[in-house]
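Participant: Dumping the structure here so I can ask a few things about it.
The values are calculated or read from the model by the stated rules, or taken from the named source; none is laboratory data. Everything numeric here is computed off the predicted structure, so don't read it as measured data. Cβ coordinates were reconstructed from backbone atoms using ideal geometry, including for glycine residues, and neighbour counts include every protein chain displayed.
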Amino acid sequence: MLYHLYETQRALMAPFSEFASATAKLYDHPLSPFAHTPWAQRVSAGFDLLHRLAKEYEKPAFGITSATVAGSNVAVQEQVAVSKPFCRLLRFKRFSDDPQTLTTMKSQPTVLVVAPLSGHHSTLLRDTVKSLLQDHKVYITDWTDARMVPAEVGPFHLDDYVAYVEEFIRHVGGGDAHVISVCQPTVPVLAAVSLMASRGEPTPRTMTMMGGPIDARKSPTAVNNLAMNKSHSWFENNVIFRVPQNFPGAGRRVYPGFLQHTGFVAMNPDRHLSSHYDYFLDLIRGDDDNAESHRQFYDEYNAVLDMPAEYYLDTIKTVFQDFALVNGNWVVNGQPVRPQDIKATALLTVEGELDDISGAGQTEAAHGLCTGIPKARSLHYTAEGAGHYGIFSGRRWREKVYPQVRDFIARHNAAGEAPRALTAPASVRKAPANKAAAGKAPARKAASRKSGSTTA
C-alpha cells in the first residue's frame, strides 16, 4: 500500500514540479519582463529549488564518449556484452586510428567492475570507469531496476547474484581478467571467486575490494547497526512492498528505491539541507559552476532503483546477521564458500579513513579469510581523508586510490609473474595472512610498471 501511495503522490507532484521549473525560467530569462522585477533572482532560485525537490529523477547515462590513453584521445562506445533479466554487462570499447595507441590498448589488462546493487545505479561509478579507461579494457555490471523486470521472470536471490558474477568473470577472460568490487558486491564477488577456485577453475589475476562489509562486526556503522539490531522478519514486514500496476514488474516484491533514498538522506540530513541552501545561494549569486556541480551530484544521488526482495533479505541475513562468510558456513547453490581455496589471485583491499558506510577493518578482513594467498600478493590501502564515496569517485579517488589500484593490477598482470614489492606509502601495508593485525610496513619506492597481454 505504501508504494501505491508514493506513486499517487509522485503523480500529483509532477505538474507542480513542471510549474516550478517554468516559473523559475520565467523569472530568469533575459527576454522575460519578469526577470527585471525586484527579487526576480530570488524568486527564480526558489522555484528552481522547488522543482528539483519535487521532480522525478531518471537513471542517468554514463555519458563516456572519450578517454585518454598514452597521451592520445580515443573514442569510447558503450556496448552491451551480456544481457540477463536482472543485469546487463556493459563494455566500454575504445577506438583509435593510431597504430601505436591501438597496440597499447590491446596490451592493457581487462577489468571487470562489479557495481553495487544497493539503491543507486551503476552510473554512480562513472568516475571509476573514466579513470580505469586510461589503462584498461573496462566492463561493468549494470543492474536492472527490479520494478522493470516482469514478475513471471521469477525471483532473484543472493545466490543468483553470485552466479551472475561467475558468468561475467568467465566472459571477460576468467584467469586473465581482473575484478574490482565496490561496497556491497565485495561479499558476493569473494564468494564467486572462492567457488571458482574450489572447483579448480581459473580465477582472476587480481581481486580489488573497496569499502565493503566482508566482516560487518568490525567498527559497525549506523547502516550495520540497523541491519544487525532488527530481526529478519522486521525487514520483511516493514520495507518490502509489491510493485504497482503501472510498471512492467507489477506484483513483484521489492525493497523500493524511494525508501532507500529516504534512508540515505536520513543518515546526514544536515549535510543535505546545507547543500540545498548553498545551491539556492549559488543561483542568486549567479555562480553557475557550483550550481551545476550540485545538479550533477543530486541527479545521480537522487536516482534510485528497486531491489528484488529475495536478494535484499538474503543479504541482510547472510552478511549482517549470520556473518556466514566469516563464520565459514555460507553455502551457495549447494557448494560451501571457501575463501582459503583462492591461491592464484592477488588481493588488494581499499578502505576510506572516514567511511561511514563500511567501517574500518571490514574490508581488510578479506585477507584473514584468503589464507591461501601469499603475503607478497596481498595488500591493504587506507585512503586518508576519504569517506565512502571518496574511495571510488572524486579527487581522492583519482589522486590517491586509483594509482594504487592501477599499479597493483599492473604488477600482477603478466601470467606467471613472481610476486614483487609494491608502492607502499604510510597508509599502505602488507595485509596479514590471518586475522591477527599486522604492523605497518615501511614505505617503499615505486617499482617500474609492466604491461602484459590479456584476452579481450
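Participant: Conditions: (1) free of Cβ contacts under 8 Å to residues at least 60 places away in the same chain; (2) touching a Ser or Thr at 6+ places or on another chain (Cβ under 9 Å); (3) surrounded by fewer than 14 Cβ atoms within 10 Å (Cβ to Cβ); (4) among the polar types (S, T, N, Q). S83 meets all but one. Number of the miss?
Facilitator: (2)
Participant: Continuing with the same structure: Assess whether G361 counts as being part of a loop (DSSP other than H, G, I, E, B) and either free of Cβ contacts under 8 Å to residues at least 12 places away in the same chain or under 25 Å from P188 (Cβ atoms) (or both).
Facilitator: The answer is yes for G361.
Participant: Of all the residues that make up the range 227-274, how many are over 22 Å from M1 (Cβ atoms) and in contact with a Gly (Cβ under 9 Å, 6 or more places away or on another chain)?
Facilitator: Total meeting the criteria: 1.
Participant: Which of (1) among the aliphatic types (A, V, I, L, M); (2) without any contact (Cβ under 8 Å) to a residue 60 or more places away in the chain; (3) within 20 Å of L190 (Cα to Cα); (4) in a loop (DSSP other than H, G, I, E, B) is the odd one out, the single condition A414 does not satisfy?
Facilitator: (3)
Participant: Same structure, new question: Anything in the range 164-194 that is crowded, with 24+ Cβ neighbours inside 10 Å and over 18 Å from the mean Cα position of the chain (by Cα)? List them, or say none.
Facilitator: Within the range 164-194, V172, A177, V193, S194 meet the criteria.
Participant: Would you confirm whether any residue within the range 119-128 is within 21 Å of A346 (Cα to Cα) and at pLDDT 95 or above?
Facilitator: Applying the first criterion (within 21 Å of A346 (Cα to Cα)) to the range 119-128 yields 128.
Right, trim to at pLDDT 95 or above and you get 128.
Yes - at least one qualifying residue is present in the range 119-128.
Participant: Give, as residue ranges, the helices (runs of 4 or more DSSP H) completely inside the range 201-290 that count at least 2 residues that are polar (S, T, N, Q), free of Cβ contacts under 8 Å to residues at least 60 places away in the same chain and in contact with a Pro (Cβ under 7 Å, 6 or more places away or on another chain). Explain how you work it out, then say what you get.
Facilitator: Details: elements: 222-229, 232-238, 257-267, 269-285.
Here the list is empty.
Participant: Please determine, by comparing only the residues of the range 126-148 that are touching a Phe, Trp or Tyr at 6+ places or on another chain (Cβ under 8 Å) and surrounded by fewer than 24 Cβ atoms within 10 Å (Cβ to Cβ), which one is nearest to K59 (Cα to Cα).
Facilitator: Among those residues, the one meeting the criterion is T144.
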